[in-house]
Amino acid sequence: MNLKRWVLGLRIAAVLTVAVIFSFSLQNGEDSAGQSNWVAEQMQAAIDFIEDNTEIEVNIRKVGHFSEFAVLGAELLLLYIFNRKYEFSRLFNVFGAGLTTAVCDESIQLFVPERSGQIKDVGIDMFGFVCGALAAFCVYNLVLFIMKRNSNKRGQKNGK
């Protein structure tokens with residue numbers, strides 16, 4: 001697959017990720033709690049010794065925030081890398097886009113019944129974003145390292 005297709009795929013994936021993030025924020029409190037409760041109940045069934053799933057539900061929501069933004073961070077950082085225009089301002093724009101999405105996500109919740117936007121969640125979102133971006137950066141560089149090492153080995157075999 002050529003680079004242009006990767007970039008197009010990442011752009012589409014990033015837009016879909018933002019759409020999913022915003023769609024979860026547009027759910028009213030009852031529907032959102034219902035989803036969290038369902039996941040908590042599944043975990044409760046798997047872990048018999050936990051008696052109260054209220055704490056699990058809250059943690060599931062926070063892990064959800066973190067995970068959504070980790071995916072977005074990875075997608076946007078890879079877009080930055082694949083555009084091959086390494087400027088600090090462009091990297092700043094990547095993290096600015098993450099912060100803008102996090103603030104918009106929490107702002108949406110201010111207008112949804114039984115929901116509230118929280119600054120703490122913006123922090124969780126951005127922590128997820130940064131972790132996702134760092135993970136993508138590490139994986140990308142690991143792949144480059146392995147490819148370079150393998151091409152050097154092939155070159156040594158052909159040269160002997």
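For the stretch 90-129, treating each Cα as an identical point scatterer without solvent, what Debye log10 I(q)/I(0) comes out at q = 0.25, 0.26, 0.30 1/Å?
-0.77, -0.81, -0.95
Using the Karplus curve 6.51 cos²θ - 1.76 cosθ + 1.60 with θ = phi - 60°, what ³J(HN,Hα) values do you get for each residue of the stretch 63-69, in whole Hz, with x for Gly and Pro?
Karplus-based 3J(HN,Hα) across the stretch 63-69 equals 5, x, 4, 4, 5, 4, 6 Hz.
Please give the length that would be gained between Leu134 and Asn28 if that part of the chain were fully extended, namely 0.36 nm times their separation in residues minus their C-alpha to C-alpha distance (nm, one decimal).
Full extension from Leu134 to Asn28 adds 34.9 nm.
Figure the gain on full extension for Ile146 and Leu8 (residue separation times 0.36 nm, minus the Cα-Cα span) and round it to one decimal in nm.
The span from Ile146 to Leu8 would gain 47.2 nm if fully extended.
Radius of gyration and Dmax for the stretch 63-160's Cα atoms, expressed in Å?
When restricted to Cα atoms, the stretch 63-160 yields Rg and Dmax of 18.6, 71 Å.
Nearest 0.05, what FRET efficiency do Lys153 and Val103 give at R0 = 45 Å with Cβ-Cβ as r?
The calculated FRET efficiency here is 0.40.
Could you list, bin by bin from short to long, the percent of Cα-Cα pairs of the stretch 61-120 in 5 Å steps?
Distribution as computed: 4, 16, 23, 21, 14, 10, 7, 3, 1 percent.
What are the ³J(HN,Hα) couplings of the stretch 97-114, residue after residue, when phi is run through the Karplus curve with 6.51, -1.76, 1.60 and θ = phi - 60°? Round to Hz, x for glycine and proline.
Listing the rounded values in order: 5, x, 5, 4, 5, 5, 5, 4, 4, 6, 5, 4, 5, 5, 9, 9, x, 6 Hz.
Between their Cα atoms, which of Lys4/Lys153; Lys62/Lys148; Lys120/Lys148 are more than 31 Å away from each other?
Checking Cα-Cα distances, Lys62/Lys148; Lys120/Lys148 exceed 31 Å.
Any read-out appearing in this document is the output of simple, stated calculations on the displayed coordinates, not a laboratory observation. Just so it is clear, the structure is predicted and the values come from calculations on it, not from any experiment. FYI the Cβ positions are ideal-geometry reconstructions off the backbone, even for glycines, and counts take in every protein chain you see.
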